[in-house]
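For reference, the structure discussed in these notes is given below.
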Ligand code: MYA
């Protein structure tokens, strides 16, 4: 074996599973030639299935979400089809995607003698009612100390999101290479302001904004991020990271770069004492804990038809379609208003309490809540509904009448703003979409609150309002004329064993 091969086989000793890691490295080293395999990911994507009879059935964003965070052909995903082999994922501490709680042989042997959650025979327990880490936490000294090597011509680069020129580089990489639908009609366009918001929550770590650059040109060619979050899974609350924005430049696709990015971010996160992560993907990879589906509510029918997001059904005219989706100009709740800094303590208490009822949820502290939910123009919109508190009788003091005792925040709704580029359309360049975020309806009907949310989103210039069928969203989707999307969004918890859950048990929205 040449010295070079020796070096690189060392580079991928991520978790003691040498064979699979060597395979990843060798595959990547032998294939990473300029322009080869370019643009392959699009043709590999799954053809989405149309499942909606609604006028929005085309649901292009659903296709993007299906691939969201994708590019590989999906695993078979259980049923009676044979499970797809995953050269990388089968080496990771995840349950198999068939949900039977059985690990690949590689992981069984890897975990032998770990104790902790293992059965003693080294296998991940088949008992899916067990909760806990698949691989126990390690001391920093037991972890790999140096970064995984990049193939010749590429190098790791920590991206400083606070530096406008580096932020622009990330923006450009994603703008040109991030998630597209199957037919390459739309591509997510996360604005720089959105990326700043998404990547700088309290306690964020600069080293978790990880890029790969060409050594020669310094050009940013790949990216992955992690941000800290406290997450509750069933009854366990853990410090985790949320992993997002995994992106490999189109010219470097299918060369096993993604596994190296994932291993390096894992190594970096592990060194901070964190061993679990949450992430979502359209593709079925080993170990999903829940499966959700996007729904789409037309706000601007004409534009959605013109860009091919929605079809005009044979017996539907544009005028009828516009009438079908018409919304009033103003909200029905007169007491609904944008959330302010002063509202944060009460709104935080309301949302955090509400999220306790779900099996997978984020646990915001007040500072995190303020970061994620205080309105930012063109990024996130949040509204509180206030009810006047009144005291009567003796409680109101002398006289015993009714006394105004200020206002109480009783309901909350929010959405984030995520554009998509409309590719090759002569008339429209951008699809403006609002995505349902966190909503709590205590004193009003959830559908009424969300109807106002649609009105607010429409008035902010959005063309479509998207919502997953998580939390209690199913209560309003039909009434408010959402069309069913055609792709599932899988939720994953890295290195965590627990029973799977229903979509309505999920109380976590990732961006
Ligand atoms: S999801 C966003 C994903 N991004 C896109 O879809 C943008 C467009 N596509 C691309 O940029 C590339 O196609 C990507 C793959 C980068 C997706 N999640 O390098 P490859 C596996 C996880 O040859 P490429 C998001 O940001 C695939 O199954 N794995 O492929 C959340 C195969 O492994 P295996 C994925 O197409 C990310 C291997 O990669 C995904 O050139 C969460 C092939 O590698 C995917 N979406 O690049 C990451 N797509 O052979 C996990 C493909 O085993 C975080 N693959 O099937 C885990 C937790 C880490 C932290 C832990 C801390 C404790």
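What to note about this one:
- Reported count of residues in segment 299-315, each being part of a helix (DSSP H, G or I) and out of contact with any helix residue (DSSP H, G or I) (no Cβ under 8 Å at 6 or more places or on another chain), is 3.
- Within segment 183-204, the residues that satisfy the criterion of being part of a loop (DSSP other than H, G, I, E, B) and away from the ligand (no atom under 12 Å from the Cβ) are 183, 185, 191, 200, 201, 202, 203, 204.
- Filtering 212, 231 for residues that are closer than 24 Å to residue 87 by Cβ and either more than 6 Å from the ligand (Cβ to nearest atom) or in a helix (DSSP H, G or I) (or both) leaves a single hit, 212.
- Pair list, Cβ < 9 Å and 6+ apart or interchain, from segment 129-141 residues that are at positive phi to residues that are in a loop (DSSP other than H, G, I, E, B): 132/116; 132/117; 132/496; 132/498
- Screening residue 464 on (1) under 19 Å from residue 189 (Cα atoms); (2) surrounded by fewer than 23 Cβ atoms within 10 Å (Cβ to Cβ) shows it passes everything except condition (2).
- If you go through segment 257-289 and keep only what is outside any strand (DSSP E or B) and farther than 18 Å from residue 144 by Cα, you end up with 257, 258, 282, 283, 284, 285, 286, 287.
- Residue 285 vs. criteria farther than 20 Å from residue 506 by Cβ and modelled with pLDDT of 95 or more: no
- Taking the conditions (1) at pLDDT 95 or above; (2) under 28 Å from residue 230 (Cα atoms); (3) touching a helix residue (DSSP H, G or I) at 6+ places or on another chain (Cβ under 8 Å) in turn, residue 491 satisfies each one other than (3).
- Subset tally (residues that are near the ligand (Cβ under 6 Å from one of its atoms) and assigned to a strand (DSSP E or B)) for segment 237-256: 7
- The residues on offer are 158, 180, and the sole one that is touching a helix residue (DSSP H, G or I) at 6+ places or on another chain (Cβ under 6 Å) and either modelled with pLDDT under 95 or outside the structural domain of residue 353 (by TED's automatic domain parsing) (or both) is 158.
- Restricting 483, 487 to residues that are more than 28 Å from residue 135 (Cα to Cα), within 14 Å of the ligand (Cβ to nearest atom) and either assigned by TED's automatic domain parsing to the domain that holds residue 323 or surrounded by 19 or more Cβ atoms within 10 Å (Cβ to Cβ) (or both) narrows the list to 487.
- Among the residues listed as 291, 218, the single one being surrounded by fewer than 22 Cβ atoms within 10 Å (Cβ to Cβ), on the phi > 0 side of the Ramachandran plot and more than 8 Å from the ligand (Cβ to nearest atom): 218
The values are calculated or read from the model by the stated rules, or taken from the named source; none is laboratory data. Quick caveat, the model's predicted, so the values are computed rather than measured. Counting neighbours? That spans all protein chains shown, and the Cβs are built from the backbone with ideal geometry, glycine included.
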